[in-house]
Amino acid sequence: MSDRLDQQCIDTLRFLSVDMVQKADSGHPGLPLGAAPMAYVLWARFLKHSPRNPAWADRDRFVLSAGHGSALLYSLLHMTGYDLSLDDLQQFRQWGSKTPGHPERGHTPGVEVTTGPLGQGFANAVGMAIAEAQLAARYNREGHVIVDHHTWVLAGDGDLMEGVAAEAVSLAGHLQLGKLICLYDDNRVTLAAGTPISFTEDRAARFAACGWHVVHVADGNDLAAIDSAIAAARAEITKPSLILVHTHIGYGSPEQDSYKAHGSPLGEDDVRKTKEKLGWPTEPAFLIPAEALSHMRDAVARGDSDEQAWNDRMKGFASAFPEAARELQRSLRGELPPDWDADIPVFAADAKGIATREAGGKIMNAIAPKLPALTGGSADLDPSTKTALKGLGDFNPEPASGVDEQGSDGGGWSPAGRNLHFGVREHAMGAIVNGMAAHGGTIPYGATFLTFSDYMRPPIRLAALMRLHVIHVFTHDSIALGEDGPTHQPVEQIAALRAIPDLTVIRPGDANETAVAWRVAIESRDRPILLALSRQALPTLDRATYASADGLRRGAYVLSDSSDGKPVLILIASGSEVGLIVEAADRLRGDGVSVRLVSMPSWDLFDAQSDAYRESVLPRDVPARLAVEAGITQGWHRYVGDRGDVIGVDRFGASAPGDTVMREYGFSVDHVCARAKALLE
């Protein structure tokens with residue numbers, strides 16, 4: 001292929017992007033102008049993808065972590081034959097278009113994950129590489145290589161500054177993710193300044209210290225050097241690779257190497273000057289030379305061929321290993337195997353009970369052998385969160401002789417292991433499980449203490465935005481955790497998490513509600529699920545006396561009612577406080593008060609029910625309602641109404657034994673009864 005055609009393709013990508021930003025009068029032209037050459041070499045010569053079928057399971061994954069450069073990604077997708085028209089490009093950043101300001105998963109064909117918050121896409125890519133490595137180790141057989149693809153990420157200076165990326169870099173190097181390759185747009189400029197003002201570390205040395213293979217490209221326009229660097233990265237299979245490509249932001253424009261090229265349209269005069277400098281026609285806008293389009297559209301035929309070859313390999317695999325093939329195909333489709341939940345225990349009534357975190361661990365280990373897609377781990381808290389999958393292996397490089405293996409969950413260290421050890425990296429954990437879910441073939445979970453969800457809010461929000469099937473297991477869910485004190489006692493976290501749209505938060509009240517919560521978590525394929533579980537033991541209710549725990553599926557349900565079905569008072573609680581209102585109701589009924597008990601483990605699920613069902617649980621003609629939850633009271637008044645009351649925690653916790661803290665904060669039968677009677681008076 002001629003240098004002239006290469007350059008024509010690159011400039012087409014550059015000026016489609018510039019014209020998109022200029023027409024919208026909004027966007028980021030600097031990255032596309034500088035990074036187009038490396039993106040072109042990757043997409044035209046190395047990337048394995050199928051534009052006619054963006055969901056092909058064995059495609060390479062490409063993540064634009066520097067999501068502000070979305071115009072470049074949309075140009076690549078259009079030029080290589082995805083279902084993204086020139087008209088779509090011309091509607092960049094407009095209402096209802098397929099080309100939003102930052103890439104959005106599920107909105108634009110070929111976009112793997114939603115990016116824009118810097119560093120998140122980088123960590124998502126680590127999750128994708130983990131999923132690929134795990135599935136390959138579990139399903140590939142000699143002569144039958146079914147899972148075999150790379151994960152590519154294009155990142156900028158801002159990505160590498162973010163803490164989430166630093167955490168992900170460290171873990172990826174430790175895990176030796178050899179099929180993860182990062183193209184670093186090393187232009188030394190951010191949105192507001194040059195990097196000398198804030199970012200002078202040796203990035204190459206940092207990555208090398210974390211176990212990465214590092215390659216330098218001195219000139220971001222040197223296609224041969226870029227090609228050679230990518231080839232070298234692909235050849236290195238024992239380490240992830242960083243390719244530092246020295247580029248110029250806003251290349252060719254009057255604002256080249258200036259932060260002003262980062263986040264604002266060039267303006268009509270500077271667009272003209274840039275085109276003239278790079279030898280591109282100034283008119284018309286959105287020019288696509290036929291020869292460039294034809295060349296880049298060769299990706300369609302290559303993709304069809306690669307996908308057909310994979311389909312043929314899959315048929316051979318299914319013939320030789322039918323059970324493994326069925327299992328893999330089911331996981332890739334996001335389907336559940338029959339009887340996956342058959343071994344979930346039913347917990348006998350027990351006044352002493354069991355912590356819902358412990359019940360959760362028993363449930364997970366009953367599910368995991370029948371649900372091979374379930375995989376995940378904690379941020380160095382397995383003994384506390386109870387989330388280890390016992391005997392199912394640790395996702396880790398095989399240990400050298402004499403390596404300290406304490407903390408292993410049994411089953412050996414290998415890429416096939418289903419237990420992930422994230423280390424003390426909560427933020428990266430949240431973004432990595434997002435990447436695993438986006439990759440497909442896994443149902444990933446991450447676990448830590450509820451208070452540390454604060455470290456994870458950005459990826460949790462993005463999981464909800466992308467509607468990813470991710471499960472978060474957050475234990476030690478209230479001030480009842482006790483002696484560790486207010487730094488570890490969550491107060492406002494549940495309310496803050498409930499505020500995230502399309503995130504289902506569930507706080508089960510006993511072991512059997514926890515079992516139903518796990519069923520909901522596994523079955524809910526189109527959204528993230530968050531389970532808030534207790535550190536302390538909770539009574540296991542006698543379901544012969546109280547309503548079935550299956551009521552959790554509806555978010556809130558009548559646990560027990562007054563004898564005549566006409567209560568004068570409704571007590572509502574979630575989680576550990578359900579047992580408290582059960583005790584209080586016994587005393588109130590002894591005093592002649594007609595009480596209804598409502599367990600409300602999930603506002604989200606309850607709000608999704610019909611008006612008739614919600615009225616049947618919380619009838620308008622019973623205004624005396626008392627909600628009890630060991631968290632801030634914010635939000636509860638929508639359920640208790642103007643004449644109701646809430647017992648909650650609107651201040652930070654304290655260090656003392658858990659039962660003492662709860663009593664001092666008003667979570668006692670005496671206090672609940674007193675507040676309830678005050679409502680009736």
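The values are calculated or read from the model by the stated rules, or taken from the named source; none is laboratory data. Values in this document were obtained by computation on a predicted structure and should not be read as measured data. All Cβ positions, even for glycine, are placed from backbone atoms using ideal geometry, and neighbour counts span all protein chains on display. Heads up: the accessible areas ignore ligands, DNA and RNA and are worked out on the full protein's heavy atoms, side chains in. Shrake-Rupley method; radii C 1.70, N 1.55, O 1.52, S 1.80 Å.
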Any lysines whose Cα falls less than 26 Å from that of Lys390, other than same-chain ones fewer than 8 residues away, would be Lys352, Lys362, Lys370
So which DSSP H runs in the chain come out at 24 Å plus along the axis (Cα) with average Kyte-Doolittle of at least 0.0? 120-139
Kirkwood hydrodynamic radius (Cα pairs, Å) of the stretch 461-588? 15.9
Give the dimensionless ratio obtained when the Cα radius of gyration of the stretch 32-84 is divided by 2.2 N^0.38 Å. 1.09
Over the Cα atoms of the stretch 584-681, each weighted equally, I'd like the Debye log10 I(q)/I(0) at q = 0.15, 0.17 Å⁻¹, rounded to two decimals. -0.68, -0.86
Summed over the other residues with a beta carbon less than 10 angstrom from that of Gln91, with K and R at +1 and D and E at -1, the charge totals +1
Given Cβ charges of +1 for Lys and Arg and -1 for Asp and Glu, the option among Gly579, Gly101, Pro459 whose Cα lies farthest towards the positive end of the dipole of the chain is Gly579
Total formal charge among the other residues, if their Cβ is under 10 angstrom from that of Val617, Lys/Arg +1 and Asp/Glu -1: +2
Ignoring ligands, DNA and RNA, how do Asp409, Asp607 rank by accessible area with a 1.4 Å probe, largest first? Asp607, Asp409
1.4 Å probe accessible area per residue over the stretch 529-681, in Å²: 42
Cut-off under 19 Å on the C-alpha distance; same-chain residues fewer than 8 positions from Lys275 excluded. Which lysines are left, in chain and number order? Lys23, Lys260
Taking loop as defined by DSSP and a crowding limit of 16 other beta carbons within 10 Å, which trypsin sites (Lys or Arg not before Pro) in the stretch 561-636 fit? Arg620
Taking all protein chains in place and a 1.4 Å probe, what share, in percent, of the accessible surface of the stretch 197-314 do carbon and sulfur account for? 50
Taking N as the number of residues in the chain, what value does Rg over Cα atoms divided by 2.2 N^0.38 Å take? 1.06
Rounding to the nearest 20 debye, state how big the charge dipole of the stretch 376-421 is about its Cα centre with +1 on each Lys and Arg Cβ and -1 on each Asp and Glu Cβ. 220
Just by accessible area at a 1.4 angstrom probe, what is the order of Glu104, Glu283 from largest to smallest? Glu283, Glu104
Between the alpha carbon centres of the stretch 459-497 and the stretch 591-661 the gap in Å comes to 19
Charge dipole magnitude, Cβ of K and R +1, D and E -1 - the chain, Cα centre, debye nearest 20: 820
The chain: calculated mean residue ellipticity at 222 nm from DSSP helix runs of at least 4, using -39500 (n - 2.57): -12000 deg cm²/dmol
What are the chymotrypsin sites (Phe, Trp or Tyr not before Pro) within the stretch 91-172 that DSSP puts in a loop, where the Cβ has at most 14 other Cβ atoms within 10 Å? Trp95
Ignoring ligands, DNA and RNA, what percent of the accessible area of the stretch 515-667 is carbon or sulfur (1.4 Å)? 45
I need two numbers for the stretch 401-471: Rg to one decimal and Dmax as a whole number, Cα atoms only, in Å. 13.7, 45
When the accessible area of the stretch 1-130 is computed with all protein chains present and a 1.4 Å probe, what percentage of it is carbon and sulfur? 47
Express in whole angstrom the spacing between the alpha-carbon centres of the stretch 269-303 and the stretch 385-455. 45
Unit charges at the beta carbon, dipole of the stretch 214-295: most positive-side option, Tyr259, Thr238, Pro289: Thr238
Around Ala155: net Lys/Arg minus Asp/Glu count, Cβ-Cβ under 13 Å: -4
How about Lys566: which lysines have a C-alpha closer than 24 Å to its C-alpha, ignoring those fewer than 8 places off in the same chain? Lys677
For the stretch 1-122, max minus min Cα coordinate along each principal axis, in Å, sorted largest first? 39, 34, 28
